[in-house]
Every structure is written in C-alpha cells, then in structure tokens.
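Have a look at the structure below, then the notes.
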Amino acid sequence: MRAQIKLVRLFGVELGLHYSWIIIAVLIVFSLGDHFHIIHPEWTSGLVWGISILTGVLFFVFLFAHELSHALVAKASGLPIHKITLFALGGMAQIEKEPTRASTEFWMGIVGPITSFVIGVVLLGIAVAGGWTWRSEPPTPALAILVWLGYINILLAVFNMIPGFPLDGGRVLRAIIWGITKSADSSTRIAARIGQLVGLGFILYGIFEFFQQQAFGGLWLAFIGWFLMNAAGASYMQLKASNALEGVKVGQVMSQECQPVAAHISLQDFVDNFLLRTGRRCFIVADNGRPLGLITPAEVRQVPRDDWNVTSVQAAMKPLERIHSVTPEMPVMNAMEIMAREDVNQLPVVSDGHLAGVLSRAHVLELLRAKSELGQNR
Ligand SMILES: [Zn+2]
C-alpha cells in the first residue's frame, strides 16, 4: 500500500494516508455526528459537527500512535521501517524485513493493542475524573469526545487481538507457535490458516446476522471477514516468497539478453518489428551501443496511435536517468520493494556505469514458480 498523501516524519518514520482512507474518515465523521445528535438532541448542529470533526481527527492521531508503537519496537529490534500508511481498514506499518526471532515478532505484534488499550483506559479515566459516571451519557461535549475515544481505542485493541494473520493477534499467535515449534515456516502456515478460518467465521456470522436481524452491521462484519481471509492468504504468499528469495541477488535473476533498439526508429516500426514480433516487453534504447533508456508497452501507450509514425523511440522512451537502477549485488527482495514503490515492472541493472541487464517482475515470478515446482522453500 503506497501512501498518496504524506503528512509528517516522526522518529524517522514517514506517516502517510492512502486515498481509501478519506472515505472512512468521512463515514466516521458522519456517524459521529449522528451519535452526538442522538445522545444530545439539544446541542446545535454547529457544535455537533465541530466536535465530530475534532473527534475524528483525534481518532486518527491515536491510530497513528498504535502504528508508531509497532514501528518503534521494530526499530529497537533492528528492523528497518520507514513508512506508516493509514488506509480504509486501519493502519499499516511497512516493516521491510520480517523478524528473525519469535520474541521480536511477539513484542512487535502485541505492543499495538497494548498501546490502544492504555490510551483507551487513560481517556476513560480522565472522563471519570472530569465528572463522567460509568455507563451514563456524557453530559458535556468534552466528556462526550473523551468517552467515545476511550471506548473506540479499547475496541481497537480487542479487534486487533483477533488471532487472524495479518492482524496483530495473528502475529502474536504466530510468534507463540513459532516459539513452541521452532519453525518460522510452519508457524506462518498455521497462523495464516487460522486467519482464514477466523475470516470465514466473520463472513458466515455476518451473513447470518444480516438475514436474522436485517441489520446492515452484519454486512459490515462479512466485509471485514472477506478482507481478513484475503489478507491472511496474501501475507502467507508474501512471507513464502520472501523466504524463497532470501539470499538471491539481482545478478542471478536478471536477464542479460535485453534486446537493443536504435534510438531513431519510429514507434510504429518498433511496435511492428520488435514488440509484436518478439513477444518481449522491455527493450533498451541505444545509440551506437550506448544505452539511453528503456521502452515498454507502457511508454508506447502514452503516445496517441496517430503519432506513432512521426515519433521516435527516443522521444517516447523513459530516459535512464529517470529510472531507479539497481546493482547485480542487490538482494532481489530489495529490488522488488523498489519496483512496488515506483510502480514499474522492470528495473535496469547497472554495474560500473554500464548496463548489465534488466530485472523484471516476470523473471522473479518464474524463479518462484520453478522453486515451488521443485518443492524448495529456499
Ligand atoms: Zn496493530
């Protein structure tokens, strides 16, 4: 998940938002407005919307605090982390390496729910000190904000402790199984399976609720369940891939026979005689053997079809200096991370200032497929 709106840097970690988060922010502010209006119909709508927006903003601040706690434990354990992104269904601390010890995984997972729980208890404590009595409707706007935020943080702690990978509870469960079995691989498999079962449970219960009570809350539960099932499967695949690619360098996977095309030929010529004829998708644009850039179907699409005859390959290509390049010695996992970040399918591999080859996602997928056919995990 890439952050599309960058906010601030804290402790060397970049906090950002994904666009999907905006939908949820609006939903939360509206449901807060509804909630405050119901408990205090006498409050003016200006007041209700004002505190709804304030509460919504504070909610996301506490969500960042939760994610930041994961990030700080990861950092303290020597795992690099640069970014935290909030998206529709919560936060995501992008930890670039998986922990190598069960105890690290355990603390990294459990610190988030502990943080949310402590925040919730402290907020409710302040509300009580400020005159709120347990289970009554908070009488003032300030107390209403504190009580809602207090409850929601405790709820967040409980939800995150659901033992479904990749939720925090899933990480904690995986760490415990890992500690017992001493096998990172089988603990991942078991935790992912349990995550999928938990997700399925949510879906079935949500659908049951929907038909039983005609409650839309049921559909929401089913949706969360569907998300959990997908996420559990996806994180298992990702972990398996990162295990299989451990120790593999770019130089071992890259293709060296990237076909050059002359810089001056037209796009039409390129499409007819190179792209459609060879079935390859990536070409090096060269001038007298000197590489100038890369051209792929993505660059061709940028030019209107009518102009293909009058546009040279050089004019349409992506120049080398605008492409992130990698070295043959770089671990493939890092290169994949760069491809994901830059949203590209190929990276030029440069060694001592000259082009040594091209690494593409397809090469990496082929390697993974070959390894899984051989039944090898690493
Ligand atoms: Zn968390």
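Nothing in this text is a laboratory measurement; each read-out follows from the coordinates by a stated rule. All values derive from a computational prediction rather than experimental measurement. Neighbour counts run over all protein chains shown; Cβ positions are idealised from the backbone, glycine included.
Quick look at the values:
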{"quantity": "Percent of C-alpha pairs per 5 Å bin, region 159-238, short to long", "calculated": "4, 19, 23, 20, 14, 9, 6, 3, 1, 0"}
{"quantity": "Label-zone membership for region 129-148, site residue 44, 7 angstrom Cα→C-beta point, backbone N under 20 Å", "calculated": "139-145"}
{"quantity": "Extended-chain gain in nm, criterion 0.36 nm per residue less alpha-carbon gap, residue 183 and residue 324", "calculated": "47.1 nm"}
{"quantity": "Value of relative contact order over region 250-373, rounded to a whole percent, pairs C-alpha under 8 Å and six or more apart", "calculated": "30 percent"}
{"quantity": "Debye, to nearest 20: dipole size of region 5-244, +1 on Lys, Arg Cβ, -1 on Asp, Glu Cβ", "calculated": "780 debye"}
{"quantity": "Where chymotrypsin sites (Phe, Trp or Tyr not before Pro) fall in DSSP loop in region 126-194, at most 15 other Cβ within 10 Å", "calculated": "134"}
{"quantity": "Largest-first principal axis extents of the Cα set of region 250-373 (Å)", "calculated": "44, 33, 25"}
{"quantity": "Rounded FRET efficiency, nearest 0.05, which uses the C-beta distance separating residue 259 from residue 30 and R0 of 45 Å", "calculated": "0.25"}
{"quantity": "Protection-proxy order for peptides 58-71, 338-351, each taking the mean of Cβ atoms within 10 Å per residue, highest first", "calculated": "58-71, 338-351"}
{"quantity": "Relative contact order (%) - criterion: Cα under 8 Å, at least six apart; region: the chain", "calculated": "10 percent"}
{"quantity": "Histogram of C-alpha separations across region 18-171, 10 Å bin width, %", "calculated": "11, 36, 31, 16, 5, 0"}
{"quantity": "The chain pair-distance distribution - Cα-Cα, 20 Å bins, rounded %", "calculated": "22, 46, 27, 5, 0"}
{"quantity": "Leading residue at positive end of dipole, the chain (Cβ point charges), from 150, 348, 78", "calculated": "78"}
{"quantity": "Under 14 Å, Cβ to Cβ, from residue 267 - net charge with Lys/Arg +1 and Asp/Glu -1", "calculated": "-2"}
{"quantity": "Of the DSSP H helices in the chain, those whose Cα atoms cover at least 27 Å axially and whose Kyte score averages 0.0 or more", "calculated": "20-39, 45-76, 102-129, 141-160, 184-213, 216-244"}
{"quantity": "Beta bridges per DSSP with both ends in the chain, % antiparallel, nearest 5", "calculated": "75 percent"}
